[in-house]
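> Just passing along the structure, written as structure tokens.
The values are calculated or read from the model by the stated rules, or taken from the named source; none is laboratory data. Just so it is clear, the model here is predicted, and its values are computed rather than measured. Cβ placement follows ideal geometry from the backbone for every residue including glycine, while neighbour counts extend to all protein chains displayed. Areas reflect the complete protein model, heavy atoms only, side chains present, ligands, DNA and RNA absent. Shrake-Rupley method; radii C 1.70, N 1.55, O 1.52, S 1.80 Å.
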Amino acid sequence: MNKIRQILRMYNQGRSKLSIAAQSGVSRNTAKKYFAAFDASGCTFEQINALNDKELEDFFGNGQERPPDKRMLALQRCFPQVDKELKRTGMNRRILWEAYRKEFPDGFQYTQFCFYYNQWKARVNPTMHLDHKAGDKMYVDFAGEKLSITDKETGEVIEVEVFVAILGASQLTYVEAVASQQKEDFIAACEDALHYYGGVPSAIVPDNLKAAVTKSNRYEPTLNETFADFADHYSTTILPARAYRPRDKALVEGAVKIMYSRIYAPVRKATYHTLATLNIAIKEALEVHNSQPLKGRNYSRRLQFEEVERETLSLLPALRYEFKKQHQATVMKNGHV
């Protein structure tokens, strides 16, 4: 913006266009565009110079932008469906490009198709760097901020933990309030999430909390025996996120932040005396959240789940998981424990 001001100042002083371009270090054609925009505006240099940088950028930038042509508009309308279809197992960009060319024979070539799709995706969701395949992973974590219930008799406010799970491809989210982060509550919440989805993903990605991982390690963490047994019961795999690597579970980290506004805000308007009533209120707010259209797309998490991910989940076992507790004891000399 300072360079534009400098160019216009010299132009207002009556210097030649060639010397202005040479002194400012821009091409003559670029300088001519600024001169033309300045002359067409009918404003004085003092009026232009009084604009702040953002106003100056809009003043000289918008006039240079060309409206997208019909081919580009047609391509951009295809991108939400392309983004959804890419989550299907075995689907790739070339297959979708071929389908696009059948519908629009005069459309863009494959390289341009991929280039404009990457631009659209970066603009719609600039933080998503991983392409999640349908039925691949369920990310789980506890929210940092807690909710609370109030004892009906004593009036004591009891803080409770909030469990959050999210499927990678559809981003369908599950939220539940539990009494603690102990393995019993954690595993029960994971199980409730699987039954909420109506199926089992290929892997569950937890944080390095004690209920899931007894010994953290960058390459081979030691899983909690009960949690590993739970995974065997549901025929899935546990892939703990690496310690101090929040990007490994960025999806659920983002889901937790969204929950603060879409779940916590409406739920905190009332008082609850039991976990059951609190979870009923959470479920109502959760359904509203999952039914809202995703930003920049014409479909919701729920719709994307039903169309893309539900069929890829493995079937639930006939029976729920039954907790098993193991204890070690020393046998005394008289044969008793």
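> Tally up the carbon and sulfur contribution to the accessible surface of region 248-329 as a whole percent, 1.4 Å probe, everything protein left in place.
56 percent
> Using +1 on the beta carbon of Lys and Arg, -1 on that of Asp and Glu, and nothing else charged, what's the dipole of region 268-317 about the Cα centre, debye to 20?
Details: 8 positive and 6 negative charges, 67 e Å.
Dipole of region 268-317, to the nearest 20 debye: 320 debye.
> Now a separate question. With the cut-off at 19 Å, tell me which of the pairs Lys102/Lys295; Lys137/Lys324; Lys257/Lys283 have Cα atoms farther apart than that.
Numbers: Lys102/Lys295 28 Å; Lys137/Lys324 25 Å; Lys257/Lys283 17 Å.
Exceeds cut-off: Lys102/Lys295; Lys137/Lys324.
> Follow-up. What percentage of the solvent-accessible surface of region 131-171, computed with a 1.4 Å probe over protein heavy atoms, is contributed by carbon and sulfur atoms?
40 percent
> Next question. If amide hydrogens are placed 1.01 Å from N in the peptide plane, which non-local residues have theirs closer than 5 Å to the one on Ile204?
Amide H neighbours of Ile204: Met138, Thr237, Ile238, Leu239.
> For Leu147, list long-range residues whose amide hydrogen, built 1.01 Å from N in the peptide plane, is under 5 Å from its own amide hydrogen.
Hits under the 5 Å cutoff: Val160, Val162.
> Taking Lys3 as the anchor, which lysines have their alpha carbon closer than 18 Å to its alpha carbon, excluding any fewer than eight residues away along the same chain?
Lys17, Lys32, Lys33, Lys54
> At what distance in nm do the modelled label points of Val337 and Glu55 sit from each other, each positioned 7 Å from its Cα along Cα→Cβ?
Distance between label points: 8.2 nm.
> Kindly state, to the nearest 0.05, the FRET efficiency for Arg123 paired with Ala318, given R0 = 41 Å and r defined as their beta-carbon distance.
0.35
> Quick check: net charge around Lys17, other residues with Cβ under 13 Å of its Cβ, Lys/Arg +1 and Asp/Glu -1?
Summing Lys/Arg as +1 and Asp/Glu as -1 gives +3.
> Another question, if that's okay. Can you run phi through the Karplus equation (6.51, -1.76, 1.60; θ = phi - 60°) for region 142-152 and list ³J(HN,Hα) in whole Hz, with x for Gly and Pro?
9, 5, x, 9, 9, 9, 8, 10, 10, 5, 5
> For Thr274 and Asp106 in one chain, what is 0.36 nm times their gap in residues minus the Cα-Cα distance, to one decimal in nm?
Stretched out fully, the Thr274 to Asp106 stretch lengthens by 54.3 nm.
> Accessible area per residue, 1.4 Å probe, Å², for region 98-204: what's the number? Walk me through the intermediate numbers first.
Values: 4870 Å² over 107 residues.
On a per-residue basis, 45 Å².
> Given H placed 1.01 Å from N in the peptide plane, which residues other than close sequence neighbours of Asn224 have an amide H under 5 Å from its amide H?
Amide H neighbours of Asn224: Val213, Thr214.
> Treating cross-link reach as a plain straight distance, find the aspartates and glutamates whose alpha-carbon is under 17 Å from the alpha-carbon of Lys84, omitting any fewer than eight places away in the same chain.
Candidates past the 8-residue exclusion: Glu98, Asp131, Asp136, Glu306, Glu307, Glu309, Glu311.
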